[in-house]
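The values are calculated or read from the model by the stated rules, or taken from the named source; none is laboratory data. Predicted, not measured: the structure shown is a model, and the values here were computed from it. Methodologically, a virtual Cβ is constructed for each residue, glycine included, from the backbone with ideal geometry; neighbour enumeration extends over all protein chains shown. Keep in mind that these areas ignore ligands, DNA and RNA; they rest on the heavy atoms of the full protein, side chains included. Shrake-Rupley method; radii C 1.70, N 1.55, O 1.52, S 1.80 Å.
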Amino acid sequence: MSEVEGREETETEETEEPQDSRPAEEPQDDSRPKVTMPQAREIGRSEFTPHALGTKTRTAPRKGTRKAAKRRQIVYSVAGAVVVLALIGAGIWWETRPAPSVKFKGAFGKAPSVSVPKAKPAAKQSVKELIHGSGPKIGSNDFVVAHLLAYQWAAKHQKSPQPLLDTFKQNKPAAGTANQLTGLPALDKEIVGRTPGTRLELTLPYKAVGDQVAQALKLGAGDDLVLSVDVLKAYGKTASVQGTQQKVDAKLPQVTPGAPGQAPTIKIPSGSAPKKLQVQTLIEGNGKAVAKGQTLIGQYDGVLWRTGKEFDSSYKHGAPAGFPIGVGQVIPGWDKALVGKKIGSRVLVVVPPKEGYGPTGSPQAGIKGTDTLVFVVDILDAI
C-alpha cells in the first residue's frame, strides 16, 4: 500500500462518527446531483485547465516556437517600417517633385533640340546653367556675343511650337553690352558674372518679360518665354590686339600703344591735315577679313587733328564697342577704311570732314564742320 493510500484510510477512520442507539431518522430529499470529484492523482495532464474550464485541449508548444514567433514579430515590424517610410518618401517626392520645364539639348554653339511639355506653363522664373564655360567672369559693361533661341510655352499646348527668336538659323548672334544685350533685364542680368562658353536655360513668365516685349512676341498673359542662351564670346576693358606695331609715315600722327585697358597716345604732326582719307595698318592681324554688314567689335580712340584733344574713346567707356560696318551705320571714313581689314589688326585712320560728320560736325562732341578726325582702331572681332 502506498503512503497516499494509507493516509486516506487513516483520515476516513478518524472522521467516522460513533454509532448511536437512537432510532435512525428518515433521510431528507436532496435533489442536487451527486458528483464524485476525482482525486488529483486521477487527473490527466491534458485535462487540467483551471483557468480555462470548458476550452479545447491545447498541446504543449513545440521546441523553437518562441524563437520563430520573435522572428516573425521582427519581420512584421521591419516590413511595417518599410511601408511607412515608402509612404513618407512618396509624399515628400510628390511635394518636391521637379516642375515640368522646356528642355534644350545639344552641343554648345549649335542650335539645340527643344521639347515643350504639355503641362501648364510654370508660374515661377527659373534659370539653369546647362553648360559651364571657362575664362574670366563677364562684367556688366563687357561686350558679349551670344546665340539665342526662344520659344513660347503656351497655356494651350502647341503640337509643333515655332521659335520666336533664332540667331542660329542665319548665324547672326546677338552682340552688345552684357547688361543691355537683349533689352530683357531678367535675361541680361543673368549673363553678367557668367563665363564665355556657358549655356543658360531660362523660363520667364509673362510678368518677367513685360508687356512691351511680350506683345511684340505675341505672348499670352498666361504664357512663358523660354530661352536657350549660348554665351560665345566676351570682351572686357583690357581687350586689345597683339603683335609688333609697324612704323607710321612721318606725315601722319604717331601712335604709342597704351597699357592693357588704356588708350594709346596719339601725337599730331605739325602741318595741315590731309585732304583725303588716310588708312595705315599698324599691326596686321591673322584673322578673317571684315565683311560688309558684319558687326565689328573693337577698341578705339579718337582725337581732333586741330587740337589733339580726345573726343571719344571706348577705353573711356570701360569696354569695347560693336558697330555694323559697311552699311552706313558709322561715319563714311570707317566704312571705307575698315571693311576688308583682318581681324586682329590695329589700324590708323585719318578722316577728313567730308568722310566724317560733314559740314555740320558734331557739336555735342566738340567737333566742328571743318575738323579732321584721327582714330586708332583695334579690330577684335567681326560677326
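Solvent-accessible surface of the range 232-337, averaged per residue with a 1.4 angstrom probe and all protein chains in place: 55 square angstrom. Net charge in the neighbourhood of V290 (other residues with Cβ under 14 Å of its Cβ; Lys, Arg +1, Asp, Glu -1) is +2. Per-atom-type breakdown for the range 229-341 gives carbon and sulfur 49% of the accessible area (1.4 Å probe, protein chains only). For the range 262-369, a Kirkwood hydrodynamic radius built from all Cα pairs, placed in the Stokes-Einstein relation at 25 °C and 0.890 mPa s, yields a translational diffusion coefficient of 167 µm²/s. For the range 290-304, putting each phi into the Karplus relation 6.51 cos²θ - 1.76 cosθ + 1.60 with θ = phi - 60° gives couplings of 5, 9, 4, x, 6, 8, 8, 10, x, 9, 8, 9, x, 10, 8 Hz, in residue order, rounded to whole numbers and with x for Gly and Pro. Based on Cα atoms of the range 227-300, Rg over Rh with Rh as the Kirkwood radius reads 1.04. Relative to one another, the C-alpha centroids of the range 117-192 and the range 344-383 are positioned 35 Å apart. For the range 376-383, the Karplus equation 6.51 cos²θ - 1.76 cosθ + 1.60, evaluated at θ = phi - 60°, returns couplings of 10, 10, 9, 8, 7, 6, 8, 10 Hz by residue, with Gly and Pro reported as x. Rg/Rh for the range 207-254 (Cα atoms only, Rh after Kirkwood) is 1.44.
Evaluating 6.51 cos²θ - 1.76 cosθ + 1.60 at θ = phi - 60° for every residue in the range 354-370, the Karplus couplings come out as 5, 9, x, 9, x, x, 7, x, 9, x, 5, 9, x, 9, 8, x, 9 Hz, glycine and proline recorded as x. Peptides 357-370, 140-153, 335-348 ordered by packing proxy, namely the average of other Cβ atoms within 10 Å per residue, highest first: 140-153, 335-348, 357-370. Could you tell me which of rounded, prolate or oblate describes the range 104-239, using a ≥ b ≥ c as the square roots of the eigenvalues of the alpha-carbon gyration tensor, with rounded for a/c under 1.5 and, failing that, prolate when a/b is larger than b/c and oblate otherwise? Prolate is the answer for the range 104-239, as a/c is 1.5 or above and a/b outweighs b/c. Between A365 and V82, what is the FRET efficiency for a Förster distance of 51 Å, r being their Cβ-Cβ separation, to the nearest 0.05? It comes to 0.05.
Give me the percent of accessible area attributable to carbon and sulfur for the range 94-209, probe 1.4 angstrom.
Within the range 94-209, the accessible surface is 51 percent carbon and sulfur.
In terms of overall dimensions, the C-alpha atoms belonging to the range 148-222 reach 36, 26, 19 Å along their principal axes, ordered largest to smallest. A convex hull fitted to the Cα coordinates of the range 192-327 yields 183 cubic angstrom per residue.
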